Amino acid sequence: MKILAISGSARRDSTNTAMLRAIRAIAPSDIEVSIFDGVGRLPVFSPDLEGKNVPEAVRDFIDMIAQSDGVIIASPEYVRSIPGGLKNAIDWLVSGDEIVHKPIALLHASHRGDDMLAGLRTVLATITDRFAGDIFLRLPLMKLDPAEVVRRFEMADNRSKVQAYLQAFSAYCMADSKTA
């Protein structure tokens, strides 16, 4: 099972990116987690750049989506909304087929952010018919440095929560879309 984990943060020491790296390290052996932490490096979406004019960074991102069995998104909340970089990355996917039937689930590294999550759920339910809204994991990691995030995932309780989440999402990805 190949899972692409997208960090919605452009910050170098992002809690969300650190969380995704920690999750990759403890994922069950049958689940390969790749991380895309480049939302800040994608050019601003423009329909003029679609098709044969797609920038290389965008093409690479789209290829990562296409090659995955499912996508997990972890994102901070900025001004009660989806960060601009993540929304821009999603905008690049809208006119292609790579995301339409792709299973997607959310992770969240904060005790707050419900407004952003509501908006993101709406967007994701619009771009794919396989948004797994019920498969969700929230861990209170906000303001922890990356090393402390890793330590939190070494705790047995958090490790088992993450592994159960990944197993549930993996099963959802493997399920026929008619039964999902």
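The values are calculated or read from the model by the stated rules, or taken from the named source; none is laboratory data. Just so it is clear, the model here is predicted, and its values are computed rather than measured. Glycine also receives a Cβ, built like all others from the backbone with ideal geometry; neighbour counts cover every protein chain displayed.
For every residue, the table says whether it meets (1) more than 24 Å from LEU141 (Cβ to Cβ); (2) part of a loop (DSSP other than H, G, I, E, B).
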site: SER9; (1), (2): no, yes
site: PRO28; (1), (2): no, yes
site: PHE45; (1), (2): yes, yes
site: PHE61; (1), (2): yes, no
(request) Of the numbered conditions (1) of a type outside the set (Gly, Ala, Ser); (2) in contact (Cβ under 8 Å) with a residue 40 or more places away in the chain; (3) exposed (fewer than 15 other Cβ atoms within 10 Å of the Cβ), VAL149 fails exactly one; give the number of that condition. (result) (3)
(request) Output yes when any residue across the range 118-131 is closer than 15 Å to ALA74 by Cα, among the small types (Gly, Ala, Ser) and free of Cβ contacts under 8 Å to residues at least 40 places away in the same chain, and no when none is. (result) yes
(message) Every residue in the range 75-130 that is in contact with a helix residue (DSSP H, G or I) (Cβ under 7 Å, 6 or more places away or on another chain), surrounded by 13 or more Cβ atoms within 10 Å (Cβ to Cβ) and either of a type in the set (Phe, Trp, Tyr) or part of a loop (DSSP other than H, G, I, E, B) (or both), please.
(response) SER75, PRO76, GLU77, ILE82, TRP92, VAL94, GLY96, GLU98, ILE99, LYS102, PRO103, ALA109
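Listed here are the residues, each with its yes/no results for (1) under 15 Å from LEU20 (Cβ atoms); (2) in contact with a Ser or Thr (Cβ under 6 Å, 6 or more places away or on another chain); (3) modelled with pLDDT of 95 or more; (4) of a type in the set (Val, Ile, Thr).
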| site | (1), (2), (3), (4) |
| --- | --- |
| ALA105 | yes, no, yes, no |
| ASP114 | no, no, yes, no |
| LEU117 | no, no, yes, no |
| LEU120 | no, no, yes, no |
| ILE135 | no, no, yes, yes |
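Hey, among the residues in the range 51-72 that are in contact (Cβ under 8 Å) with a residue 60 or more places away in the chain and either of a type in the set (A, V, I, L, M) or touching a Cys at 6+ places or on another chain (Cβ under 8 Å) (or both), which one's nearest to VAL94 (Cα to Cα)? Spell out how you get there, then give the answer.
Filtering the range 51-72 for residues in contact (Cβ under 8 Å) with a residue 60 or more places away in the chain gives 64-65, 67-72.
Adding the requirement that they be either of a type in the set (A, V, I, L, M) or touching a Cys at 6+ places or on another chain (Cβ under 8 Å) (or both) leaves 64-65, 69-72.
Details: MET64: 15, ILE65: 12, ASP69: 18, GLY70: 16, VAL71: 15, ILE72: 17 Å.
By that ranking, first place goes to ILE65.
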